[in-house]
């Protein structure tokens, strides 16, 4: 097919669509940590879809979403690392340890916890809504 004097279009519409889809995925997957992978691939596909000409609107939106997803994910991970290292989370971690000791009666040694099957752990875990005497009645029941 001849171009009739127009420059050849060597851009790839499939790559542009992939960049847009990965950009959307990078925004959706922010909480899971997979946003890094989707964002990086979205940026790569957006740049590859350009060819030698100008970038079209579909890959541009995918590029912007991918960069935004990467930036937000980096901020979330950075804030999490800062909170864990600075001691901001210490009162909450202490509260979780106290609740663990209250319900399981030990200092949090997880060697026996992970040795049991998930069903056995569920059966042995008392509900905070019932008293200790009520729990002893249910202790022998099997789900």
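The values are calculated or read from the model by the stated rules, or taken from the named source; none is laboratory data. Here the structure is a predicted model, which means the values were calculated and not measured. Using ideal geometry, Cβ is built from the backbone for each residue, glycine included, and neighbour counts are taken over all protein chains shown.
Here are the numbers for the structure shown:
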{"quantity": "Exclusive hit being loosely packed, with under 13 Cβ neighbours inside 10 Å, on the phi < 0 side of the Ramachandran plot, modelled with pLDDT under 65 and not in a loop (DSSP other than H, G, I, E, B), set 134, 98", "calculated": "134"}
{"quantity": "Counted residues, segment 82-92 - those being closer than 30 Å to residue 26 by Cα and in a helix (DSSP H, G or I)", "calculated": "6"}
{"quantity": "First in segment 75-100 and more than 22 Å from residue 32 (Cα to Cα), second anywhere and at pLDDT below 85, Cβ under 7 Å, 6 or more apart", "calculated": "97/108; 100/108"}
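Per-residue answers, yes or no, for (1) assigned to a helix (DSSP H, G or I); (2) over 17 Å from the mean Cα position of the chain (by Cα); (3) not assigned by TED's automatic domain parsing to the domain that holds residue 19:
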site: 46; (1), (2), (3): yes, yes, no
site: 51; (1), (2), (3): no, yes, no
site: 59; (1), (2), (3): yes, yes, no
site: 67; (1), (2), (3): yes, no, no
site: 70; (1), (2), (3): yes, no, no
site: 73; (1), (2), (3): yes, no, no
site: 76; (1), (2), (3): yes, no, no
site: 80; (1), (2), (3): yes, no, no
